[in-house]
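Student: Could you have a look at this structure, given as structure tokens, before my questions?
The values are calculated or read from the model by the stated rules, or taken from the named source; none is laboratory data. Predicted model only: the values in this text are computed from it and were never measured. Here the Cβ is made from the backbone with ideal geometry for all residues, glycine too, and neighbour counts use every protein chain on show. The accessibility values were calculated without ligands, DNA or RNA, using every heavy atom of the protein model including side chains. Shrake-Rupley method; radii C 1.70, N 1.55, O 1.52, S 1.80 Å.
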Amino acid sequence: MRYAHGGGLDAAARARREGVRLQAAQLLASGESDARVAWRLRVTKVSANRWHRALDTGGTEALASRGAAGARCRLTEAQQRALLELIEQGPAAHGYHTDQRWTLARIRELITRQFGVHYGSLSGVHELLHRIGASWQMPTRRAAERDEQAITAWRQETRPPYKRTAITRGAFICFEDEAGQGLRPPRGRTWGRRGHTPVVKVSNAGTKRVNLAGLLAVHPGRSERVRLIHRTHTYHGRKGEKKGFVEQDYIRLLDAAHQQLRAPIVLVWDNLNTHKSVLMRSLIAARPWLTVFHLPACAPELNPVEGVWSVMKCGLVNLAKRDIDQLRALVKTRLRRMQYRPGLLAGLLTKTGLDLRPP
């Protein structure tokens, strides 16, 4: 079996597919039907039929992998792996500082400079990238101020201070974060006539906003029971109106969480200026049941409340609300539903990779 242009597969992926075909050959030889083989191996019936015909014509050898089809690649397999690693380093690591985008022309220059192989046409570079498993993608963003070593150390520490403190004091670990949503909703895909982009009408009142502050509380001894506590603040865009949460708002949220949990709190949150202000430190010092730890800078993946906002905003895609109070009611409804889904909240906590179980 051969795949055009390598099928975007490396040697390991081709070996896995060969194993599936050989397993299909054993099932067919034992008398299984094509439909049964397709169902057991989770492949299409067309593939099972094609493998059956190849098995009858050329035996098991006809199902063996013969490598990538097409012309022989001008780079060795080691050079192909090295090229993929160079691309993952980013354009800035190779002298392209004007923007952080790999183009075919830049990759051709990289191949010539690193391996001494010149591709005359950009289509050859495109075929090469497809062969080694690369694709044209929309990149995600990450803060340049991020300290990867500090984040790795914070994540992999065997007994983090916040976890040790919570176990010693019998406290809840509470992760806190803020978010906001205006009347202009996040965009989502929808059906429409081909060639005609669907139009979603939204409000142009960009100053109005619903601000959110949330806590995910978990006890180290009962990590499957995760609680969501949240507060909202609506900004109507009026003169002199408070735009967002201040220190007293955060403290009221923590006081409410303390009364609801009936236990000390170990608070883990980011390095927002309001979280580290003199007033906030004095308010925290006046509450002996509260201990505060800060997350590493620019590490949103360590905070499970970020996942809460992501799930909540998925329900606001292409929103048709025109009034900020209607939006606030809808946001509170979405969050209230999540409060009754402890499995979802536990999954968001698990996604961070933090082990909150007692030793």
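Student: So ARG113 passes all but one of these: (1) buried (at least 16 other Cβ atoms within 10 Å of the Cβ); (2) not in a loop (DSSP other than H, G, I, E, B). Which condition number does it fail?
Tutor: (1)
Student: If we keep just the residues of the stretch 161-200 that are of a type in the set (D, E, K, R) and closer than 19 Å to LYS313 by Cβ, which is most open to solvent (accessible area, probe 1.4 Å)? Can you show your working first?
Tutor: Let us first name the residues in the stretch 161-200 that are of a type in the set (D, E, K, R), namely 163-164, 169, 176-178, 184, 187, 189, 193-194.
The next check asks that each one be closer than 19 Å to LYS313 by Cβ; those that pass are 176-178, 184, 187, 189.
Values: GLU176: 2, ASP177: 7, GLU178: 43, ARG184: 142, ARG187: 222, ARG189: 242 Å².
Top of the filtered list is ARG189.
Every residue, every condition in (1) closer than 27 Å to GLU157 by Cβ; (2) surrounded by 13 or more Cβ atoms within 10 Å (Cβ to Cβ); (3) modelled with pLDDT under 90; (4) touching an Asp or Glu at 6+ places or on another chain (Cβ under 6 Å), yes or no:
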residue	(1), (2), (3), (4)
VAL246	no, yes, no, no
ARG252	no, yes, no, no
GLN259	no, no, no, no
ALA263	yes, yes, no, no
ALA299	yes, yes, yes, no
VAL308	yes, yes, no, no
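One line per residue, one yes/no per condition, for (1) closer than 16 Å to GLU176 by Cα; (2) touching a residue at least 60 places away in the same chain (Cβ under 8 Å):
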residue	(1), (2)
ALA285	no, no
LEU295	yes, yes
TRP309	yes, yes
LYS313	no, yes
ASP325	no, yes
GLY343	no, no
ARG357	no, yes
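Student: Is the stretch 85-106 home to any residue that is within 30 Å of GLY353 (Cβ to Cβ) and in contact (Cβ under 8 Å) with a residue 40 or more places away in the chain?
Tutor: yes
Student: Would you confirm whether or not the stretch 194-210 contains a residue that is modelled with pLDDT of 90 or more, not charged (D, E, K, R) and not in a loop (DSSP other than H, G, I, E, B)?
Tutor: Yes: the stretch 194-210 contains one or more residues that are modelled with pLDDT of 90 or more, not charged (D, E, K, R) and not in a loop (DSSP other than H, G, I, E, B).
Student: Scan the stretch 122-145 and give yes if some residue there is among the acidic types (Asp, Glu), surrounded by fewer than 16 Cβ atoms within 10 Å (Cβ to Cβ) and in contact (Cβ under 8 Å) with a residue 12 or more places away in the chain, otherwise no.
Tutor: So in the stretch 122-145, the residues among the acidic types (Asp, Glu) come out as 127, 145.
In the following step, the residues that additionally are surrounded by fewer than 16 Cβ atoms within 10 Å (Cβ to Cβ) were identified as 145.
Among the residues that remain, those that are also in contact (Cβ under 8 Å) with a residue 12 or more places away in the chain are: 145.
Yes - at least one qualifying residue is present in the stretch 122-145.
Student: Could you tell me which of the residues TRP154, TRP102 is assigned to a loop (DSSP other than H, G, I, E, B), open to solvent by less than 60 Å² (accessible area, probe 1.4 Å) and not basic (Lys, Arg)? Walk me through it before giving the result.
Tutor: On the way: TRP154 fails: assigned to a loop (DSSP other than H, G, I, E, B).
Selected residue: TRP102, the only one of TRP154, TRP102 that is assigned to a loop (DSSP other than H, G, I, E, B), open to solvent by less than 60 Å² (accessible area, probe 1.4 Å) and not basic (Lys, Arg).
Student: Further question on the same structure: Go through the residues of the stretch 222-233 one by one and say whether even a single one is open to solvent by 30 Å² or more (accessible area, probe 1.4 Å) and more than 22 Å from GLY307 (Cβ to Cβ).
Tutor: Checked the stretch 222-233: no residue is open to solvent by 30 Å² or more (accessible area, probe 1.4 Å) and more than 22 Å from GLY307 (Cβ to Cβ).
Student: Could you list all residues from the stretch 157-193 that are farther than 30 Å from ARG222 by Cβ and assigned to a loop (DSSP other than H, G, I, E, B)? Give the steps one after another, and end with the answer.
Tutor: Keep residues of the stretch 157-193 that are farther than 30 Å from ARG222 by Cβ, which gives 180-193.
Within the stretch 157-193, LEU183, ARG184, PRO185, PRO186, ARG187, GLY188, ARG189, THR190, TRP191, GLY192, ARG193 meet the criteria.
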